[in-house]
Amino acid sequence: MKPNLSDYPEIPPGCCLNENKRFGLFQVYRNIRVKDPVTGKSKGSRETIGSIKNGKFTFSKTYLLSQQTKNLSAKLNEVQSSVSSKKSAPSAEDQPANNDNSQEVKAQDRKVSVTVDNAFAKTSSDKRESSKIEEPMLTIVLGSIINALNGKTDCTEISNVICHKLKKHFAKHVPSLVVESCSQDTVRKAMLLVDAEHLDTFYTGLLSELRRDDFRVIAADKQGELSNGHVATEGNGKHGTYMLMNFPDTANRVCLYHRLIQGNENAITFSYDGLKSLNLNGAVVTADAMNCQEEFIETAINRGTHYCIAVKSNQKKTLQEIMASFNSADESQMITNETEEEQENDHGRLDEYQISIMNGKVVSKIVKDKWIGLEGGNIVKVTRISQETTVKAKTTDTRYYVSSLPYSTDTVQRISETLRQHWGLENQSHWLLDVRFNQDRMQANNPNYIANCNALNKLALAYLQNYSFWLWNTGRENNLISLNLLQKRCEDPEVAMECIACYLELV
């Protein structure tokens, strides 16, 4: 009968059994990697720990001797280090003032390592054979996150960071994460190995609790991502676009849910999944006309949240009735906010917005029955007048929405703030990811790899924006510093680890 290793506490962890019928015993061994002193390459080998015979475990003499040698070597190194430090130790006046800081950094880095390791362990994504593992997955994961803080997710760049900057930093603070080498192929395989849905578990585990629960806007946001490795099915080999379904929390500037849409998959299906999986308490869900669907709105209401959804020609009858209601109504039937101006520096124009709402009861019973929550809510009209800064010509654009927010004089202002946060996604998220994280210049065609890189970029963006506020809030900076400057600072591993730690509330 094969013995149970757990019955022998003296046996080190990670051991295996091999039955030797000739001698009537079980060999106890473990797989190790041995470095060839000539070639410098490591290869797999077995280390015999001992044997179990007639229910009794006996250590191998060779194993005991090797352990004694290791212990003596360790003591010798300690003595040599002690002698060396005494010879070179500076006087008390010359002692560096940042010893305490060094200890704080070491403690901080260990906390970050444990937190990230626990979050990744929950994904059960590391399916590599233990005997063939040379690089801890935690080193690759941390290296990828730190490199993403610099705005880079290229495998070659991650490999260089792990082998150089992080190697020196980890040697001082977290020696267990030091690796002799980590090739770009190893990083790429790791990125491909982790399933995108599993990474979502890891991604969510590294998001801190939401800091604003009083007014949250969660947007169903479809985002296009160009990839140099993706060839469109139409257009004679032109580069195609991958689409992602995102649910960013616009108040906290963090993406709570994201999925890559592949092939014939329907983005609306991912919208329903996102609504069902998120905590929507105290939130208003916003979406473009694509998600103006009965099931989407019903799901949002059933999840205990309000909605504010754009209506366009895909819901033709609803749109016509809303337009007719506003065209035939007088001012006493509407609540209108004061015209607000907004300077769009990136696009070189000045926008003026005017928002009017009417009680949802004014529409027909058919429309009210179709959109749950509309009877006690509002129909919304948004008029935008845009003027290019270089010319005097003005253009007018009118949009319509349905909303379940209770009809009142205060609601028009809340809807204005809600829509502004939704519109701000283009500058606060899409533009930053494209320009500062080079998402549209990604050299990749594997959906898993693209989804994982996208997740790393969004995680890094949330960390950096939080870090900027944290530095200002703690008095370390007089103003909120730019994302570009923060990315440059995070090229220092110590700064990058602090950035991660402050988001995870470990400092």
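The values are calculated or read from the model by the stated rules, or taken from the named source; none is laboratory data. Small disclaimer: the values here were computed from a predicted structure and weren't measured. So basically every Cβ, Gly included, is an ideal-geometry build from the backbone, and we count neighbours across all protein chains shown. In case anyone asks, the SASA skips ligands and DNA or RNA and just uses the protein heavy atoms, side chains included. Shrake-Rupley method; radii C 1.70, N 1.55, O 1.52, S 1.80 Å.
Is it the case that some residue within segment 466-475 is farther than 30 Å from Ala300 by Cα and among the small types (Gly, Ala, Ser)?
yes
In segment 450-478, what residues are over 25 Å from Glu505 (Cβ atoms) and in contact with a Gly (Cβ under 9 Å, 6 or more places away or on another chain)?
Ile450
Among what's in segment 204-229 and is open to solvent by less than 50 Å² (accessible area, probe 1.4 Å), at pLDDT below 70 and out of contact with any Leu (no Cβ under 8 Å at 6 or more places or on another chain), pick the residue that is farthest from Gln465 (Cα to Cα).
Within segment 204-229, the match that is farthest from Gln465 (Cα to Cα) is Gly229.
Given the conditions (1) modelled with pLDDT of 90 or more; (2) surrounded by fewer than 17 Cβ atoms within 10 Å (Cβ to Cβ); (3) part of a strand (DSSP E or B), and given that Gly376 satisfies all but one, which numbered condition is not satisfied?
(3)
For segment 33-56, enumerate the residues that are at pLDDT 80 or above and open to solvent by 50 Å² or more (accessible area, probe 1.4 Å).
Matches in segment 33-56: Arg46, Thr48, Lys53, Asn54, Gly55, Lys56.
So, Gly235, is that one part of a loop (DSSP other than H, G, I, E, B) and modelled with pLDDT under 85 or not?
So Gly235 fits the description; yes.
Phe59 versus (1) modelled with pLDDT of 70 or more; (2) open to solvent by 90 Å² or more (accessible area, probe 1.4 Å): which is the lone unmet condition?
The failed condition is (2).
In segment 268-284, which residues are open to solvent by less than 10 Å² (accessible area, probe 1.4 Å), more than 11 Å from Glu295 (Cα to Cα) and among the small types (Gly, Ala, Ser)?
Gly274, Ala283
For Thr201, indicate whether it is touching a Ser or Thr at 6+ places or on another chain (Cβ under 6 Å) and open to solvent by 20 Å² or more (accessible area, probe 1.4 Å). I'd like the intermediate steps shown before the answer.
Numbers: touching a Ser or Thr at 6+ places or on another chain (Cβ under 6 Å): yes; open to solvent by 20 Å² or more (accessible area, probe 1.4 Å): yes.
Yes, satisfied.
Any residue in segment 319-343 that is closer than 17 Å to Tyr400 by Cα and part of a strand (DSSP E or B) sitting within a Cβ distance under 9 Å of a residue that is modelled with pLDDT under 95 and open to solvent by 70 Å² or more (accessible area, probe 1.4 Å)? List the pairs, counting only those 6 or more apart or interchain.
Hits for this filter: Ile335/Tyr407; Ile335/Thr409; Thr336/Gln354.
Test of understanding: among Tyr463, Tyr400, which residue is of a type outside the set (Lys, Arg) and within 16 Å of the chain's Cα centre (by Cα)? Working first, answer last.
Values: Tyr400 fails: within 16 Å of the chain's Cα centre (by Cα).
Within the list Tyr463, Tyr400, the selection yields Tyr463.
Here are Val79, Val114: which of them is at pLDDT 85 or above, part of a helix (DSSP H, G or I) and loosely packed, with under 14 Cβ neighbours inside 10 Å?
The unique qualifying residue is Val114.
Mind listing just one residue for me: the one in segment 455-507 that is basic (Lys, Arg) and assigned to a helix (DSSP H, G or I) and, of those, most open to solvent (accessible area, probe 1.4 Å)?
Lys488
Mind listing whichever residues of segment 1-32 are assigned to a loop (DSSP other than H, G, I, E, B), open to solvent by less than 70 Å² (accessible area, probe 1.4 Å) and modelled with pLDDT under 85? Steps first, please.
To start, the set of residues in segment 1-32 that are assigned to a loop (DSSP other than H, G, I, E, B) comprises 1-4, 8-15, 21-24.
Retained after the next criterion (residues that are open to solvent by less than 70 Å² (accessible area, probe 1.4 Å)): 3, 8, 11-12, 14-15, 24.
Within segment 1-32, just Gly14 meets the criteria.
Of all residues being open to solvent by less than 60 Å² (accessible area, probe 1.4 Å) and either basic (Lys, Arg) or under 17 Å from the mean Cα position of the chain (by Cα) (or both) in segment 117-133, which is modelled with the lowest pLDDT? Just the residue, please.
Out of the qualifying residues, it is Ser125.
Within segment 134-154, restricting attention to residues that are in contact with a Cys (Cβ under 6 Å, 6 or more places away or on another chain) and surrounded by fewer than 24 Cβ atoms within 10 Å (Cβ to Cβ), which residue is nearest to Val435 (Cα to Cα)?
Asn150
Among the residues of segment 255-309, what is the count of those that are modelled with pLDDT of 90 or more and of a type in the set (Phe, Trp, Tyr)?
Qualifying residue count, segment 255-309: 2.
Conditions: (1) under 15 Å from the mean Cα position of the chain (by Cα); (2) free of Cβ contacts under 8 Å to residues at least 60 places away in the same chain. Asn479 meets all but one. Number of the miss?
Every listed condition holds for Asn479 apart from (1).
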